[in-house]
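Reading through the structure tokens given below for one structure.
The values are calculated or read from the model by the stated rules, or taken from the named source; none is laboratory data. All values reported here derive from a predicted model rather than from experimental measurement. Virtual Cβ from ideal backbone geometry, glycine too; neighbours counted across all protein chains shown. Surface areas here come from the heavy atoms of the whole protein model, side chains and all, with no ligands, DNA or RNA. Shrake-Rupley method; radii C 1.70, N 1.55, O 1.52, S 1.80 Å.
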Amino acid sequence: MKIVNNTQVDNPNQWIESFVEDVLDNAKIDCEQILIEKIEEEKHIFLDVDGEKYDIRLWAFLPIAADLNGMVCRENLQYMLYRKKNESDKGYTEQVDDDFIRIERGNRAAYEVPQEKTLF
């Protein structure tokens, strides 16, 4: 699986590419190439996966660890994955998967807070 991020060359959100890969693995979507087309910060990630359009909707960032400066460095991210469909001139999306994935922001954790997975 090859990931191409068209959003920016120096992406400050290092976690996004591994997060996208984990989301597609969780949904058991086998593909050759993933194109990250657009990112709406902390809302949506728009993808082209082998020619099919997908939308990852980001629902909740649940902090579980912070560094010595109190900055969040590890979170459980709640998401929903949608596939865009077109049928007889009508476009719609169908939900493919929803779950939580742990992301790491790059700074090191000094402490971690126990966090349960919860839906809404």
### Task
Scan region 32-54 for residues that are modelled with pLDDT of 90 or more and loosely packed, with under 11 Cβ neighbours inside 10 Å and report the count.
3
### Summary
Checked R74, R57 against criteria (open to solvent by less than 50 Å² (accessible area, probe 1.4 Å) and of a type in the set (K, R)); the one match is R74
### Task
Run I29 past the list (1) open to solvent by less than 40 Å² (accessible area, probe 1.4 Å); (2) more than 15 Å from the chain's Cα centre (by Cα) and report the number of the one that doesn't hold.
(2)
